[in-house]
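Visitor: The structure that follows is given in the form of structure tokens.
The numbers here are math on the coordinates, done by the rules we state, and not lab data. None of these values were measured; they are calculated from a predicted model. We place every Cβ from the backbone using ideal geometry, glycine too, and count neighbours over all the protein chains shown.
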Amino acid sequence: MAAEIQDSRSARFALRCSNWAERWFPDSWVFAALAVLLVCIGALAMGAKPTDTAKAFGDGFWSLIPFTIQ
């Protein structure tokens, strides 16, 4: 049965799409890191001090801990 599924046109297409995504689509942590950098650059561009930006990031990060361990 599994060999029959592998031979179908849609299964081959799905496998090609999956292989492409695994090879070229970045992991979620890349998007998270880019989002953090983008927000930090935006805050600095609006006139916030680097120390205030880092403190706000740290406070916000640790305030998410109770939510994540629910």
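Visitor: Could you give the nm distance between label points at A48 and V36, where each point is 7 Å from its Cα heading toward the beta carbon?
Guide: 1.4 nm
Visitor: Output wanted: per-residue J couplings in Hz (rounded whole) for region 20-25, from phi through Karplus 6.51 cos²θ - 1.76 cosθ + 1.60, θ = phi - 60°, x for Gly and Pro.
Guide: 5, 5, 5, 7, 10, 8
Visitor: Could I ask something else about it? Could you list R12, R23 so that the one with the fewest beta carbons within 10 Å of its beta carbon is first and the one with the most is last?
Guide: R23, R12
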